[in-house]
Structure formats: C-alpha cells, structure tokens
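One structure is given here, and the rest of the page talks about it.
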Amino acid sequence: MKSVWCVVFLLLYGSLSAKYYTISGYVYNANDSLPLTNFTVVLEKGEIKAMTDSTGYFSFHNLYAGKYKLAFRNMLFERKVIDVTVTDKSVLLNNILLTPQVKQLEEVTINGGDKTFGVTHLRSVEGVAIYEGKKNEVIVMKDMDANLSVNSSRQIFSKVPGINVWESDAAGIQLGIATRGLDPNRTNNFDARQNGYDMSADALGYPDMYYVPPAEGVERIEVIRGAASLQYGPQFGGMLNYIIQKPPADKKVEWTSYTTAGAYKLVSTFNSIGGTVKCFRYYGYYQYKQGDSWRPNGNYTLQNVFASVGYQCTERLSVNVEYTHSQYLAKQPGGLTDSQFDNNPQESLRTRNWFSTHWNILALHLDYKHNAFHLFNFRAWGFLGGRNAVGYHGPANRVDDVTTSRDFIKDKYKNFGTEARYMFKYYLGKSISSLLVGGRFYIGETHKQQGFADNSNEPHFTFISDSAIISNYQFPGTNVALFSENVFNIFNRVKITPGIRYEYINTKAKGFYRDQYNGVIDSMQNFETRAFSRHFVLLGLGISAPVWKATELYFNMSQNYRGITFTDMRVVRASEVVDPNLKDEKGFNMDIGYRGTLSNWFNFDVSGFWLQYNNRIGQLQQTDSAYNIYRFTTNIGSSRGLGIEAYLEANLLRAAKVQHRAGDLVMYISTGYTHAVYTKSNYKNVVGKFLESAPQVTIRGGLTYRYKKFSTTFSASFTGEQFTDATNATFTPTAVNGLIPAFYVLDFNAKYAWKCLQLMAGISNLSNNKYFTRRATSYPGPGIIPSEPLTFYVTLGIKLNEKVKQNKFETF
C-alpha cells in the first residue's frame, strides 16, 4: 500500500510543478442562454478537440504560454473563432455565446458526437452521475462490427479488458460476464441496469440477470468497475447499464427493421419505431427470435418488447414512462463429462430439460434542470417476473430414467424501487466543482418452490401435486441507501472525489421444506423463519489529474459489500450443497491508471487493480457418505486479486495521414492479467490456490477497416485456463469440477449501408475450435456446456424516416 501511495504522490507532484496552463470556458446557446452539451471545441494549434459537458464546460490542459485559436464548429450553429493569449496564468472564458443557424436546423440531423470504433469513456460528470477518476468503458453499439442478432457477448465486450465470458446458449438469451476473478454466473456480480433502473431478478435476494436487452435496440452499454459501489450499490463487479435507443428529435416517425438468418435454423426479426411530435417523443421495438442449438434438444423461441413515451416542452423538465416485456422458452441439451466432450461435444444426453422466463418492468423517469448548476433526477420502477426449470438435473455420468418424474424449480419475483439524485455545480475559485447527493429505497420478494413435475418430454411447468413440493419459501427484502460524492476541481489541474454511502439491508426467509429418504418425500413440513438486518457505511476516494495533452492519470479506491442471498439455501441439487450459515462478504477495489488520446490517432487506457475480497463465498469439492462428489458453497476465506487491464487502439491510416483518401484502418488490443488467489482460510488446502473462474490471461484483439459506409472487423480472442472450485481440482467423474482449458476463437464481421438498406454478415469461430467456458452445477447442465462451433449469419436492415418540417422519407 505504501508503494502505491508513493507512486500516486510522485505523479501528482510532477503534474502540479510543470509550467503548463489551461484554457477553459462555458458555451451557451445565444437564443435561450442554455448550455450546449456534447459540443466539439477545437484548439486549432495542434487540432486538439474537447467536448463540452452537461454545463457547457470544456477545457484544454497542459498548454504552454502563447497565442491560440479556439474554433467552435457545428452545422447547427454559426462558426465562431476566438483568439486567446496565455501569459502567466490559465484562461477561463465564462460566457461564450453561439448563434443557431435557423435554416440548417430543418435539414441537419445530430449524430450524437464523433464516430468511435466501438468503445469510449464516460465524462467526468454525466447528467446527475459522477464518473471522475473511475475505471469505465462505454460500448457504442452503432460503431460495433458484431453479431448483434444473438447478443454475441464475446464480440460485444471484446474491447473491455479483462472480461471473462461464459457461453451458455446459442442465441445470447442469457449474459454471463465478470472481471477480476469474480463469478460470471448470470452476471450476478454486476449491478445490472437498463436505463439506470434494476433489471435483475431481485437486487437483494437473487441478483441474477435472466433478461438481456436485444443489441439492435441498445444505444450503448456503460461498464463501471467496482468504484461504482458508492452511487449504484456495493457490488464488487461494479455497474452494467444498458442504455436503450432514443427516438430521433427531428423526425415524426422513423422505422427500423433487421431480419437475420443464420446457422442452425436461426431466424430473428427486430422492428422499432420512434419519433418526436411537438412536445411528445416515443420509441418502441419488438423482437422475435427462434432457432436450434448446434446440439440436439436445444430449440428455443424468444420475444422482447419495449415501449417508451416521453414529454418535454422545455429544457427544464422531461418525463418518460417505459415498459419492458421479455419471455423465452428454451430446451436444454444438458451437460457432458470430460470423456463425453472429448468423444463428441455435439452429443446430448438429456431429452426433457426445459427452461423459461417472463419479465415485466414498468419505469418512470423525471428530470428537472433548474439551470446549468442545479439538476434533479427521479426514477421509480416496478417488476414482476419469474422463471421455470424442469428436467433431470442429475450428474452427466448418470443416465436419465425417462419413466421417473422430473426435477422442477419455480420462481416468482416482484419488487419496487425508487432512486433520487440531485447535482449541484458550484465555483471553487475559478473552477467548477460538482456535488451529488442521492438516495434509494427498494423492496423485493422472491418466491421459490422446488419439487417434482411429470415424466414427459414437454415443457410442463406444474407440480404433480402439492405433496410433490419439497420446499416452498418466500424471501422478502428491504434496502435503504443514502450516498454522496463531490468532485473538488482544484485550479483545473487536479480533481479529488471523495464519496460515502450508507446502506441498510434487511433480508428474511420463511417457508418449509420436506425431508427425503431414498427418493420418498416425507409428508411432514419443516417450517422455519430467518431474518438478518444490518447497516454499514462505505467510503471511497478518487483522484485524477491531466498529465500531457489529452491524457490523464486516475486513481480510485472504494469499499465493497455483498450481502448473502437466502434464495439458494434451500434449493436441493445433486451436484451442489449450500452452507446454511453463510455470512456477508466485504472488501475493496483499487484502480490506478493512465488513459487518453495521443496525436488524434492513438487511444489507450492502461491500469492496475487490487481487488480485496474478505469472507469470500466460493466452492469446495466434497464427497458425501455415498462417495458422490459435489460442490460445497461456503465462506472459504479471504482472497486478493492483483492485475493489469489495458486497452490500446491505433488508427494506422490516420497516423499515416491518408485517412481522407483511404478510410480508417484501426488495430486494437484489449488484455487483462489477473493473479487472484486465496490468502487466508480455515480450509488449509485452498490457501495459495487460484480463485474459481479467474483466468490469469485474457487477450482480445482485432483489425477494423472502415471506408464511408463499409466496415469490417477481424477479431481474435484468447482466454487462459481456469478452475471451478477452490481446491483447483483438475478432474471429477461428474465434470462439475475440473479444469477449463485455455482456448482461442476467431471471428469475422462486416456491414455495408446503401441508401435505406444495410447488409451485415459474419462468421463466428472461424477455425471451428472445440472448447467450453463453463462447468455447470445445475441447469443448463450439470457438467460441461460445450460452446458453439463455426456458425454464420446474414442480416438485412431497412431504415425509413419522415422529418418534422419536410414531409418526405429519408434513408440511412
């Protein structure tokens, strides 16, 4: 720790002592005096660019004394150039007014900023959220070359360094990702959100992500690492926020359609419609998808619906209501043992396993901007949903007796939450600082039943009888949180961001279970009630400082907390046993990094991290009295994860200064190194062992070529070997525990737009490698879940729209 703080001090001291200056200012609309956000300002000496934030503020750092020209370029406003002279102090331009070009307002569509190559970063302050000094990535979907029709997480998250991806199904129905040695299972170590509100099953009792927004309807995905704990919740993994597409502001109606056909009978259609009529805006989509897995017994159907209506007549107040519905039914081919996978990974030994979900979310957003210095946001949401899993969930080395009844688990979820945030921006000397205060109230309940269903091959999600229910529990929970962060902007040179969060959590469990003897269910119901209340405070500190041109050094340390979930404690699985006396987990995330843009053609973000995880819940390999091997889930001990995460992106043709003639040729590499081990435990055989689901090396890279409306990407992905339990067992007969060998995958994607049409196509797993990313304890296994071989897809897109002032349709 001392060495880390010494490095931080030396870097900041060097930054403060250099003879550099800053040019900054605030840009406003001359007609209404409102700040211009996302506005490009160019420092013509060196063609350095900056973007204004939500207050209209921009800044250029690390400038020598001298004469400069600031150019304000935008097709919607008259061009303006300001001469600035820097002598012996920094320059602040308080009131830059730009005049709109009224004629062009009828003809120009705002594109939402400069085009990226799929990834960028959040600004210091975005609306009513603070990201200063935090490790983060923003995935820009419109700039990605990826198979969006199946939510290909390996491709979509390829530019997020250190991401470990589970590939559990053929259609991207579920998402399983994690970083820094955390468990990717249904992304439950991230605080998963859509447009800023919860979309997991139950944020307290069961934070698993069974719903994934269709990639065609997503504008961007925000990934904030563990430092998100102060604003969004104490999860160790951080926050994952899907931002849905917004309706065009200058069109009455815009219709977009994507139709996809692919390998193994994949058929997908996505249709959206949106627009703005006077003060009202609307947007909605419908997706239908069906197909077969590359393995037998793997067919699926999926439907997603989203609808939003908003009202905004002034810049000050906007109100938006959203509704989301998702449902799918999937047959699951089951898991394999190691020998079965080696002999034939396409084999399926389960013919009657089914899984389904239904998701309903209703949300309200209210944004109020009193002026550029006072902003308020309120959001509320309600959720009703459930999932069903039926089938034979015995180990893969056992034959399914199709004459017997099937295991059946049935969940119902309902929850309600609200969050309120207030942002106050103020002058600290001549620099703008930002204070955020907020609160959260959440109540949720999970109702979980387990027992036996009929012995058919059909998706019958009902119990044989009431006496066939072996457990029936309700898990209510309440959460109240207060939080605050403040960006202290010191002379526009150093930004210090302390933060605090207070949490109150109350979780309960009430219900009954029945004992079983040799497969016979005891008629006696054993009732029990459990309750656990706790409150705690989390602290955090971020520091950032400009270093050279458009680059910055950043540091962040935030505490994390993960409460136990009662929901899995009474679920009976042949391959897993859960300790009934689990305790909460505590720890912290620390990041120190350097990021920015050099010479307008090279982007980078290189950082080191330390993830301390105390009282960590993990899996041990155990053997019961009948010599059956299973996973035992318990508090194993303390772990430490140290590593490096790096993203490098170079536009080779821009560097060669031939971009305007030849297009863009961008090479990128996204890599993570993680050394995550148990450091302390009562189980001595795990001390020094690697954490579960913690590959030491992940490397993803690729080459993108873009010319006008054509773009293509060739990408490669490598993931090092990883273990599935704390003892680092390499083999078990059931295949539930064991080594996941290292593997690599090659992908190719391309797209081309012509007038109102867009054609996209791609090939995944070009080398047709045989590999797997997961050993499941239950559905969709148990056992090894093979990943897909070589597959392909073709998508045809159509876009038509009608402008507000011109009654004619346009094209792409």
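The values are calculated or read from the model by the stated rules, or taken from the named source; none is laboratory data. Quick caveat: nothing in here was measured; it's all calculated off a predicted structure. Counting neighbours? That spans all protein chains shown, and the Cβs are built from the backbone with ideal geometry, glycine included. Protein only, heavy atoms only, side chains kept; ligands, DNA and RNA dropped before computing areas. Shrake-Rupley method; radii C 1.70, N 1.55, O 1.52, S 1.80 Å.
Residues are listed down the side, and each one gets a yes or a no for (1) outside any loop (DSSP other than H, G, I, E, B); (2) acidic (Asp, Glu); (3) within 21 Å of Pro296 (Cβ to Cβ):
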residue	(1), (2), (3)
Asn388	yes, no, no
Gly394	no, no, yes
Asn397	no, no, yes
Asp401	no, yes, yes
Asn415	yes, no, no
Tyr422	yes, no, no
Tyr442	yes, no, no
Gly451	yes, no, no
Ser456	no, no, yes
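Within the stretch 38-61, restricting attention to residues that are at pLDDT 80 or above and of a type in the set (S, T, N, Q), which residue is surrounded by the fewest Cβ atoms within 10 Å (Cβ to Cβ)?
Thr40
Is there a residue being of a type in the set (Ser, Thr, Tyr) and surrounded by fewer than 21 Cβ atoms within 10 Å (Cβ to Cβ) anywhere in the stretch 735-746?
yes
Has the stretch 275-288 got any residue that is buried (at least 22 other Cβ atoms within 10 Å of the Cβ), closer than 18 Å to Gly797 by Cβ and not hydroxyl-bearing (Ser, Thr, Tyr)?
yes
Just checking, how many residues over the stretch 464-482 are open to solvent by less than 40 Å² (accessible area, probe 1.4 Å) and either under 30 Å from Tyr392 (Cα atoms) or out of contact with any Leu (no Cβ under 7 Å at 6 or more places or on another chain) (or both)?
Number satisfying all stated conditions: 9.
How many residues are part of a strand (DSSP E or B) and within 13 Å of Pro786 (Cα to Cα) if we restrict to the stretch 331-367?
Of the residues in the stretch 331-367, 1 are part of a strand (DSSP E or B) and within 13 Å of Pro786 (Cα to Cα).
Which residue out of Val319, Val305 is among the β-branched types (Val, Ile, Thr) and closer than 20 Å to Gln174 by Cβ?
Matching residue, one of Val319, Val305: Val305.
Considering only residues that are assigned to a helix (DSSP H, G or I) and in contact (Cβ under 8 Å) with a residue 60 or more places away in the chain, look in the stretch 133-156 and name the one that is farthest from Glu219 (Cα to Cα).
Arg154
Scan the stretch 295-317 and tell me whether some residue there is aromatic (Phe, Trp, Tyr), assigned to a loop (DSSP other than H, G, I, E, B) and under 30 Å from Leu336 (Cα atoms).
Checked the stretch 295-317: no residue is aromatic (Phe, Trp, Tyr), assigned to a loop (DSSP other than H, G, I, E, B) and under 30 Å from Leu336 (Cα atoms).
Limited to the stretch 720-734, what total is found for residues that are assigned to a loop (DSSP other than H, G, I, E, B) and open to solvent by less than 20 Å² (accessible area, probe 1.4 Å)?
Count: 7.
Among what's in the stretch 235-260 and is within 16 Å of the chain's Cα centre (by Cα) and in a strand (DSSP E or B), pick the residue that is nearest to Tyr323 (Cα to Cα).
Ile244
Only one residue in Ile617, Ile636 is in contact with a Gly (Cβ under 9 Å, 6 or more places away or on another chain), at pLDDT 85 or above and either surrounded by fewer than 16 Cβ atoms within 10 Å (Cβ to Cβ) or under 23 Å from Tyr678 (Cα atoms) (or both), so which one is that?
Ile636
What pairs can you find where one residue is in the stretch 438-460 and on the phi < 0 side of the Ramachandran plot and among the aliphatic types (A, V, I, L, M), the other is open to solvent by 20 Å² or more (accessible area, probe 1.4 Å) and assigned to a loop (DSSP other than H, G, I, E, B), and their Cβ atoms are less than 8 Å apart, with a gap of 6+ or different chains?
Once the first residue is on the phi < 0 side of the Ramachandran plot and among the aliphatic types (A, V, I, L, M) and sits in the stretch 438-460, its partners that are open to solvent by 20 Å² or more (accessible area, probe 1.4 Å) and assigned to a loop (DSSP other than H, G, I, E, B) give Ala453/Ser405; Ala453/His460; Ala453/Phe461; Ala453/Thr462; Ala453/Phe463; Ala453/Ile464.
Taking the stated definitions as given, is Arg661 buried (at least 16 other Cβ atoms within 10 Å of the Cβ), among the charged types (D, E, K, R) and part of a helix (DSSP H, G or I)?
So Arg661 does not fit the description; no.
How many residues are out of contact with any Leu (no Cβ under 7 Å at 6 or more places or on another chain), open to solvent by 10 Å² or more (accessible area, probe 1.4 Å) and assigned to a helix (DSSP H, G or I) when one looks only at the stretch 200-234?
Counting residues in the stretch 200-234 that are out of contact with any Leu (no Cβ under 7 Å at 6 or more places or on another chain), open to solvent by 10 Å² or more (accessible area, probe 1.4 Å) and assigned to a helix (DSSP H, G or I) gives 1.
Restricting to the stretch 157-194, name every residue that is assigned to a helix (DSSP H, G or I) and open to solvent by less than 10 Å² (accessible area, probe 1.4 Å).
Matches in the stretch 157-194: Thr187 only.
Checking Lys495 against (1) open to solvent by 10 Å² or more (accessible area, probe 1.4 Å); (2) touching a helix residue (DSSP H, G or I) at 6+ places or on another chain (Cβ under 9 Å); (3) among the basic types (Lys, Arg): exactly one of these is not met. Which one?
Looking at each condition in turn, Lys495 falls short on (2).
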